[in-house]
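As structure tokens, the structure follows; a few thoughts come after it.
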Amino acid sequence: QGTSRSKVPFGIAQIGKAFRNEITPRNFIFRSREFEQMEVEYFIPPGDEDVWKPFHEKWLKDSKDFLLDVGLREDLMDWDVHEGDSLAHYALACTDVTFKFPFGTQELMGIAARGNFDLTQHSEGSGKALDYFDDQTKEKYIPHCIEPSLGVDRLILALICSAYAEDVVDGEKRSYLKFHPSVAPVKASVLPLLKNKPELVSVARELFEKLQRR
């Protein structure tokens, strides 16, 4: 009900299985036949660059903010702007977020301004009109679409690579994962040195309860 009555601009997010037509899967999770993908179809009014570009740039910023918020290292991230022959024939613009994995730089996420190509193809294939009537402008049109798309497997691998850390204790080198609190399965541990010392246990319990309230 809420989605069906939304006004442009609005978006629909989904996550699920995606499939790639691969004869020879390779490169670990990067060319697998089946993978988990999440994306947003964000519908906007039609128009020239003055209309779609601000929406596209906002999604670029929001996508970067999201990746940083979950713990990706900014120094390992970069941008790949598609231009010329690298831009799909139907796309108005497309920028990939890339990540420097230990085995090389790979695409992590794409943010594309796809025009009205998708809805036009769906309409022609199904024989159903997908026009939108704008109450304010009194116009009927096929909305254009901004599509941020992100592979879940790639994101998890990038999070692990970002969380990897090393330190030295008593001359011994240790490696560990330092996840961002937003995705860390354990946020903090409170461990009293002796469980048979009530004065230590009570202080640890008090600290534990304070952390629970945060």
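The values are calculated or read from the model by the stated rules, or taken from the named source; none is laboratory data. Keep in mind it's a predicted model, so treat the numbers as computed, not measured. Cβ atoms come from the backbone with ideal geometry, glycine included; neighbour counts cover every protein chain shown. Heads up: the accessible areas ignore ligands, DNA and RNA and are worked out on the full protein's heavy atoms, side chains in. Shrake-Rupley method; radii C 1.70, N 1.55, O 1.52, S 1.80 Å.
Just a few scattered comments:
- Label separation (LYS58 vs TYR164): 3.8 nm, computed from points 7 Å beyond Cα along the C-beta direction.
- Chain lengthening between PHE103 and ARG205 when straightened (0.36 nm per residue, less Cα-Cα): 32.3 nm
- Cα-based convex hull volume of the chain per residue, rounded to whole Å³: 217 Å³
- Between 0 and 90 degrees, the angle of helix 49-69 with respect to the longest Cα principal axis of the chain falls at about 20 degrees.
- Length-normalised contact order for the range 125-176 - Cα pairs under 8 Å, 6+ apart - percent: 18 percent
- Binning all Cα-Cα separations of the range 114-214 at 5 Å, short to long from zero, yields these whole-percent fractions: 2, 9, 9, 9, 9, 9, 9, 7, 7, 7, 6, 5, 5, 5, 2, 0.
- The chain, accessible surface, carbon-and-sulfur percent (1.4 angstrom probe): 53 percent
- Loop-located trypsin sites (Lys or Arg not before Pro) in the range 142-204, at most 15 other Cβ atoms within 10 Å (DSSP): LYS178, LYS187, LYS195
- For the range 1-154: relative contact order, % (alpha-carbon pairs under 8 angstrom, 6 or more apart): 26 percent
- Of all the options ASP65, ASP167, ASP80, the one that moves most in a Gaussian network model of the chain with Cα springs shorter than 10 angstrom is ASP167.
- Size descriptors for the range 39-125: radius of gyration and Dmax over Cα atoms are 14.5, 44 Å.
- q = 0.27, 0.28 Å⁻¹, the range 140-186: log10 I(q)/I(0) [Debye, one scatterer per Cα]: -1.02, -1.04
- Amide H partners (placed H, <5 Å) of ILE142, local residues excluded: TYR132
- Counting DSSP beta bridges with both ends in the range 69-164, the antiparallel % (nearest 5): 100 percent
- Inter-probe distance in nm under a simple model that places probes 7 Å from Cα toward Cβ, at VAL8 and ARG33: 3.9 nm
- Folded to 0 to 90 degrees: helix 117-126 orientation relative to the chain principal axis, Cα: 70 degrees
- 0 to 90° range, to nearest 10: angle between helix 198-213 axis and the chain longest Cα axis: 10 degrees
- In this structure, the pairs whose alpha-carbon distance is over 25 Å, taken from LYS17/LYS187; LYS100/LYS178; LYS64/LYS100; LYS7/LYS53, are LYS17/LYS187.
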